[in-house]
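The values are calculated or read from the model by the stated rules, or taken from the named source; none is laboratory data. Note that the structure is a prediction, hence the values are computed from the model and not measured. Here the Cβ positions follow ideal geometry from the backbone for every residue, glycine too, while neighbour counts run over all protein chains shown.
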Amino acid sequence: MLTLRPLDPARWEAFVNAHPQALLFHTPAWLDFLAEVYGLQWHPLGIWRGEALVGVFPLLTRRLGPFRLAGSPLMQVIASTPFLGPLVAPSLLPDALLAVRAFARRRKIDHLEMAFPFLLAEERQAKGLGFGVETCRAVVLSLAGKTTAQLWGELSAACRRAVRKAEANGVEIVEATDAGIVEEYYRMCEEVYRDAGRPPHLSRKFYRLLWERFAGTETLKVRLAKRGGQLLAGAMFLLHRRTAYYLSGASYRAGLPFRPNNLLQWRFIVWAAGRGYHRYDMGGAVVPGITRFKLSFGGTLHPYTRLYRAGSPLAWLGRAAYRRLIPLWRWGQARRTA
C-alpha cells in the first residue's frame, strides 16, 4: 500500500535529480516559478511504501469560489506545463493512483486533475477509481542520431521552401541576451492574439519572471528572427536533459511574408540535434493550422493522458464552468500585469 505524505524540499530535489524519467516540470525551480506566476501553492508530496520513499507527486492547489482545486498540473498552467503527474516506477503507478485518490478525499479536494507525459496503460483502472479520461496529443520530433541532411529530408516540401525563402530574403536568427526583449516579445504576442479577440495564453508577468529566473541558464533559449536589424519574430524554448520543448512563438504580421517562423524552428532543430538532444516536443496538437505547421517539420503525433476527478456532482458542474472561465481568467491576468 502506498501513501502520500509531505516531503522535505531538499529530499524532493535529490529524488528528482536522480530519477531517469523526471521532467523539467518536476524540478523545484519550475514549480516555484509556476506558484509565483499564477498565485498557486505547490505541495512536495512523497509517495511512500511504509518508510521507503518510492516516488514524488507535485500538487498545485488554488481556490476558485467555493471549490478547492488541485492538479498535477492544473488546467490553468497547461500552456507552459502540459504534464506532470506522479514520478514513480511504472509498476507502482496503479497503487499511486489509489494513493492520490485517498489523499484527495482526505483533503476534501473538490476537483483533481493530472496529466501524464505518456498514454496511460491503466485507463480502465483510472475510470474504475472515478476519474474521467482524456487523450491529448502533442507533436514530437525525434532528433537522436540524425544528421542535418536527415532532418532536412524530414521537412515537408512546403516547409523547405519557406526556410529557403527566409534565407534568400536575408532573415537572420540571433539569440536574445537583453531583458528588454521581453516587452517587445509580449507586444508580438498581443498582435498574434488580437485577431482572435483574446489576450495571449501566457501573461506579461509570466515572461518577465521567466526571463528573471531562467535567462542565461541552460533551461531557456530565446531566439529572434531579424531582417535588416528589424525584429520579425521570436520563439522561446525550454531544455532539460535530452528533451527540448517549444514554449511559445510570436511574430509581427508585417514580417510573415519572409517566413521567419519556419527559419526559427529549423535553426533550433539543427542546433538541438547538434547539442545531443534526442527529442523535441513542439507542444499540443489542438488548433489545426498550428498543428499542420508543427507537423511540417517532420514530427509525429504523440498521445498522452489527462485524468480528472470531481469530489461531488456540484464539482462536476464546476469543472465545466472552470473550462469556460479560463479565457476570462487569462484576460484578467493580462489586464492586471499590463
**Prompt:** Which ones in the stretch 5-26 are free of Cβ contacts under 8 Å to residues at least 60 places away in the same chain and polar (S, T, N, Q)?
**Reply:** N17
**Message:** If I ask for residues that are over 18 Å from L97 (Cα atoms) and charged (D, E, K, R), which ones from the stretch 1-49 would you list?
**Reply:** D8, R11, E13, D32, E36
**Message:** Criterion first (surrounded by 15 or more Cβ atoms within 10 Å (Cβ to Cβ) and either under 21 Å from F206 (Cβ atoms) or touching a strand residue (DSSP E or B) at 6+ places or on another chain (Cβ under 9 Å) (or both)) does A89 satisfy it?
**Reply:** no
**Request:** Can you work out which of the residues in the stretch 134-146 that are surrounded by 14 or more Cβ atoms within 10 Å (Cβ to Cβ) and part of a strand (DSSP E or B) is nearest to the chain's Cα centre (by Cα)?
**Result:** A138
**Prompt:** Right, L112: part of a helix (DSSP H, G or I) and more than 17 Å from the chain's Cα centre (by Cα) or not?
**Reply:** no
**Request:** Output the qualifying pairs, or none if there are none: Cβ atoms under 6 angstrom, residues six or more apart or on different chains, first residue in the stretch 208-222 and in contact (Cβ under 8 Å) with a residue 40 or more places away in the chain and among the hydrophobic types (A, V, I, L, M, F, W, C), second residue surrounded by 16 or more Cβ atoms within 10 Å (Cβ to Cβ) and part of a loop (DSSP other than H, G, I, E, B).
**Result:** V222/A176
**Request:** Check E123 against each of (1) surrounded by 13 or more Cβ atoms within 10 Å (Cβ to Cβ); (2) modelled with pLDDT of 95 or more; (3) among the acidic types (D, E) and name the one condition it does not meet.
**Result:** (2)
**Message:** Could you go through the stretch 83-104 and let me know if any residue there is part of a loop (DSSP other than H, G, I, E, B), under 27 Å from K221 (Cα atoms), free of Cβ contacts under 8 Å to residues at least 40 places away in the same chain and not acidic (D, E).
**Reply:** yes
**Request:** Please give the number of the condition L87 fails out of (1) more than 15 Å from I47 (Cβ to Cβ); (2) out of contact with any Ser or Thr (no Cβ under 7 Å at 6 or more places or on another chain); (3) at pLDDT 95 or above.
**Result:** (1)
**Asked** Tally time: how many residues in the stretch 154-173 are more than 25 Å from V287 (Cβ to Cβ), in contact (Cβ under 8 Å) with a residue 12 or more places away in the chain and either surrounded by fewer than 13 Cβ atoms within 10 Å (Cβ to Cβ) or touching a Ser or Thr at 6+ places or on another chain (Cβ under 8 Å) (or both)?
**Response** 1
**Message:** Regarding the stretch 290-302, can at least one residue be identified that is aliphatic (A, V, I, L, M), modelled with pLDDT under 95 and in contact with a Leu (Cβ under 7 Å, 6 or more places away or on another chain)?
**Reply:** no
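Each row is one residue, and each column tells you yes or no for (1) in contact with a helix residue (DSSP H, G or I) (Cβ under 9 Å, 6 or more places away or on another chain); (2) at pLDDT 95 or above; (3) of a type in the set (A, V, I, L, M).
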site: Y246; (1), (2), (3): yes, yes, no
site: Y252; (1), (2), (3): yes, yes, no
site: L256; (1), (2), (3): no, yes, yes
site: L263; (1), (2), (3): yes, yes, yes
site: V270; (1), (2), (3): yes, yes, yes
site: G284; (1), (2), (3): yes, no, no
site: A315; (1), (2), (3): no, no, yes
site: Q333; (1), (2), (3): yes, no, no
**Asked** Is it the case that G234 is touching a residue at least 12 places away in the same chain (Cβ under 8 Å), among the small types (G, A, S) and crowded, with 16+ Cβ neighbours inside 10 Å?
**Response** yes
**Message:** Test of understanding: among R242, R194, which residue is surrounded by fewer than 20 Cβ atoms within 10 Å (Cβ to Cβ), modelled with pLDDT of 95 or more and not small (G, A, S)?
**Reply:** R242
**Prompt:** If you scan the stretch 44-59, which residues turn out to be free of Cβ contacts under 8 Å to residues at least 40 places away in the same chain and surrounded by fewer than 18 Cβ atoms within 10 Å (Cβ to Cβ)?
**Reply:** G50, E51, A52
**Message:** surrounded by 12 or more Cβ atoms within 10 Å (Cβ to Cβ), hydrophobic (A, V, I, L, M, F, W, C) and in contact with a Ser or Thr (Cβ under 6 Å, 6 or more places away or on another chain): is that true of C189 in this structure?
**Reply:** no
**Item:** Evaluation of R323 against (1) more than 30 Å from H111 (Cα to Cα); (2) modelled with pLDDT under 95 (one fails), failing number
**Value:** (1)
